[in-house]
1. Could you tell me whether any residue of segment 72-82 is assigned by TED's automatic domain parsing to the domain that holds GLU148, without any contact (Cβ under 8 Å) to a residue 40 or more places away in the chain, among the aliphatic types (A, V, I, L, M) and under 19 Å from ILE120 (Cβ atoms)?
2. Give segment 162-203 a look and list any residue that's surrounded by fewer than 12 Cβ atoms within 10 Å (Cβ to Cβ), modelled with pLDDT under 90 and not charged (D, E, K, R), or say none.
3. Might you check whether a residue that is among the small types (Gly, Ala, Ser), assigned to a helix (DSSP H, G or I) and more than 23 Å from HIS96 (Cβ to Cβ) occurs anywhere in segment 148-165?
Amino acid sequence: MRGFFKSIFERLMDYWRVLSSPSKYFSLGFLTVGGFLAGIFFWGAFNTALELTNTETFCVSCHEMRDNVLAELKSTIHYTNRSGVRATCPDCHVPHEWTNKIARKMAASKEVWGKIFGTINTREKFVEKRLELALREWDRFKANDSLECRNCHEFKFMDFTEQSSRAAKLHERFLSSKEKTCIDCHKGIAHKLPNLGKAAHMK
């Protein structure tokens, strides 16, 4: 066994010597240009993979999302409406700006563990976990001033004359003063509300 590990160590040292020694066959210019082109390729591949994971098709590829949250979304105005403009999963759950998007993706990577361990792999488990999931998402929206809502809805472009007098009054009061953010009033507009009676016990 000692010989096996020694062989691996010697092989790794050989690779390190090759990587750390000057090139005998390629010019510095070739290596610079090659590195630049390789960087473009890997950057393009990374962004392509990122965008592929940022589609509704990817989001609902697992039955947990398809059979629960997508099924609920289909009955709301965010899915079907008179203008034909539809919000998809990433529109509401992933910021558009690159740095915020990466931060959200990193935070969401733990959901892979939920998939592996079957945290909400049945309807019963999803319903049981719904309040916890909702509170976590509402807290995130509250903390970032409903950034994802503002992917599409921007206060400064609202035409208050097209809103009901009550909505216009509340929007003008709360959003202009930053006293409240979208999620404070608009919970349950895309997915069913959980049993809020349990919320006090979870805080």
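1. No, every residue in segment 72-82 fails to be assigned by TED's automatic domain parsing to the domain that holds GLU148, without any contact (Cβ under 8 Å) to a residue 40 or more places away in the chain, among the aliphatic types (A, V, I, L, M) and under 19 Å from ILE120 (Cβ atoms).
2. Within segment 162-203, SER176, SER177, ASN195, GLY197, ALA200, HIS201, MET202 meet the criteria.
3. Taking segment 148-165 and keeping what is among the small types (Gly, Ala, Ser), we get 164-165.
Those left that are additionally assigned to a helix (DSSP H, G or I): 165.
In the following step, the residues that additionally are more than 23 Å from HIS96 (Cβ to Cβ) were identified as 165.
Yes, segment 148-165 contains a residue that is among the small types (Gly, Ala, Ser), assigned to a helix (DSSP H, G or I) and more than 23 Å from HIS96 (Cβ to Cβ).
The values are calculated or read from the model by the stated rules, or taken from the named source; none is laboratory data. Here the structure is a predicted model, which is why all the values come from computation and not from measurement. Positions of Cβ are backbone-derived with ideal geometry, glycine not excepted, and every protein chain shown enters the neighbour counts.
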